[in-house]
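The values are calculated or read from the model by the stated rules, or taken from the named source; none is laboratory data. Keep in mind that what you see is a predicted model, and the values were worked out from it rather than measured. When we count neighbours, we look across all protein chains shown, and the Cβ atoms used for this are built from the backbone with ideal geometry, even at glycine.
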Amino acid sequence: MNSNEIEMIVRATIEAMEVYGGERGFMESLHKFKLGEEKLELWISAFEEGGSPGIRALTESFDMEKEMVTEALKQINDFFQTTWPTLQHRVVRRRNRMTVSIKNKGQNNYYDLCQLRFTPFDGMWHLYWKRNNGTWFPYVSDFDNIGGLLWKTLYLVKLDEFGCFFG
């Protein structure tokens, strides 16, 4: 399913939730579109987090220019050295997705902290957290991430208002 089809389903679900009430509208969409609950939640969160670009960040993968990768890695490293200097971190990049893993002092293993996804068509960064089942889920925050700038996106990890990253 492409991002346009997903956006159409999300918009129809949001409309159904407004018309029939949250839970009932959501369930109506599950049956109408023959979807699983977690998948529809994932799509709605991606849309809430970033609109159409949020869905594209979820469903598509893009190539990044070398200079953009270099600058992003520098910003991520600067952020962690400034914010949590005692945490060891590493970044693994696959196309436009950068997964940041950390290791606390005295631990042997790294664990995935967050994933940052860049959408080149609008120049925005999108933040994801890892659920217990291992799936990456868009981080929807009450704090504004105006412009989707990388440093503002990283700052949401520090604020972590829902305990998704360090909870």
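Tabulated results
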read-out	value
Among (1) of a type outside the set (Lys, Arg); (2) closer than 20 Å to Gly123 by Cα; (3) outside any helix (DSSP H, G or I), the one test that Asn108 misses	(2)
Any hit, the stretch 91-103, residues being assigned to a loop (DSSP other than H, G, I, E, B), closer than 22 Å to Gly148 by Cα and either within 13 Å of the chain's Cα centre (by Cα) or not hydroxyl-bearing (Ser, Thr, Tyr) (or both)	yes
Among residues of the stretch 96-116, those that are farther than 20 Å from Gly163 by Cα, surrounded by 12 or more Cβ atoms within 10 Å (Cβ to Cβ) and touching a Lys or Arg at 6+ places or on another chain (Cβ under 7 Å), counted	2
Residue satisfying condition, being of a type in the set (A, V, I, L, M, F, W, C), out of contact with any Lys or Arg (no Cβ under 8 Å at 6 or more places or on another chain) and surrounded by fewer than 12 Cβ atoms within 10 Å (Cβ to Cβ), within set Val10, Val91, Val19	Val19
Close pairs from the stretch 120-132: first without any contact (Cβ under 8 Å) to a residue 24 or more places away in the chain and outside the structural domain of Gly50 (by TED's automatic domain parsing), partner part of a strand (DSSP E or B) and surrounded by fewer than 14 Cβ atoms within 10 Å (Cβ to Cβ), Cβ under 9 Å, at least 6 apart	Lys130/Tyr111
In the stretch 133-148, residue surrounded by the most Cβ atoms within 10 Å (Cβ to Cβ) [restricted to those that are touching a residue at least 24 places away in the same chain (Cβ under 8 Å) and touching a Phe, Trp or Tyr at 6+ places or on another chain (Cβ under 7 Å)]	Pro138
Helices (runs of 4 or more DSSP H) enclosed by the stretch 1-84 - at least 3 residues per element that are in contact with a Ser or Thr (Cβ under 7 Å, 6 or more places away or on another chain) and under 27 Å from Gly123 (Cβ atoms)	3-20, 37-59
Residue within the stretch 77-88 that is surrounded by 15 or more Cβ atoms within 10 Å (Cβ to Cβ), in contact (Cβ under 8 Å) with a residue 40 or more places away in the chain and assigned by TED's automatic domain parsing to the domain that holds Phe137 present	yes
Among (1) part of a helix (DSSP H, G or I); (2) closer than 30 Å to Met8 by Cα; (3) not assigned by TED's automatic domain parsing to the domain that holds Lys39, the one test that Arg117 misses	(1)
